[in-house]
Amino acid sequence: MTGSYFEDVPLEHVEETPGLTITSAHVAIYLGLTRELAADGGAVPDVLPLCFTTGLGWRVPKPPLVVLAFMGLDWQVLRSVRVGDTIMSRSRVVTKRPMRDAGVVVEEREVVDQRGEVVQRGRFTYLVAKRTKETRA
């Protein structure tokens, strides 16, 4: 299995994603999938930037974590996001706790808009695989 194992994850290393400009098409697709009611004309549903941070994470030039389980999310919406805003994600691992065959990794993540303002932030907690004899080779 390819990816970043528990042993590969550095503490406090900051990872930034490229930006993404949110369009009315993004909002329409999201509303269609979730069946949420549309708010005022240019408002972006609060969960959509959170969803985009996960997708944007696949656009950084490092292997993704070998996640065995998603353990938790603590998320705050600080400011509203509007259609036309460009967001990017900044994350860093703040805690690593080893276990026998895996480890718990806590990542702080911020969603930042084109003005450099943090619009959302929170913590993701993952159970990440440790290397096995086969993956050490």
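The values are calculated or read from the model by the stated rules, or taken from the named source; none is laboratory data. Owing to the predicted nature of the structure, the values given are computational and were not obtained by experimental measurement. Here the Cβ is made from the backbone with ideal geometry for all residues, glycine too, and neighbour counts use every protein chain on show.
Against the numbered list (1) within 22 Å of GLU16 (Cβ to Cβ); (2) in contact (Cβ under 8 Å) with a residue 40 or more places away in the chain, PRO61 comes up short only at (2). Looking across the stretch 1-27 at every residue that is exposed (fewer than 12 other Cβ atoms within 10 Å of the Cβ) and not polar (S, T, N, Q), the one that is modelled with the lowest pLDDT is identified as MET1.
Summed over the stretch 44-91, the residues that are aliphatic (A, V, I, L, M), surrounded by 14 or more Cβ atoms within 10 Å (Cβ to Cβ) and farther than 24 Å from PHE6 by Cβ give a count of 9.
So is ASP101 out of contact with any Gly (no Cβ under 7 Å at 6 or more places or on another chain), buried (at least 18 other Cβ atoms within 10 Å of the Cβ) and of a type in the set (D, E, K, R) or not?
Taking the combined requirement at face value, the residue does not satisfy it.
Here LEU50, LEU11 are screened, and the one residue that is out of contact with any Cys (no Cβ under 8 Å at 6 or more places or on another chain), among the aliphatic types (A, V, I, L, M) and part of a loop (DSSP other than H, G, I, E, B) is LEU11. Among the residues of the stretch 56-77, is any at pLDDT 95 or above, more than 30 Å from ALA129 (Cβ to Cβ), more than 12 Å from the chain's Cα centre (by Cα) and not acidic (Asp, Glu)? Yes, the stretch 56-77 has at least one match.
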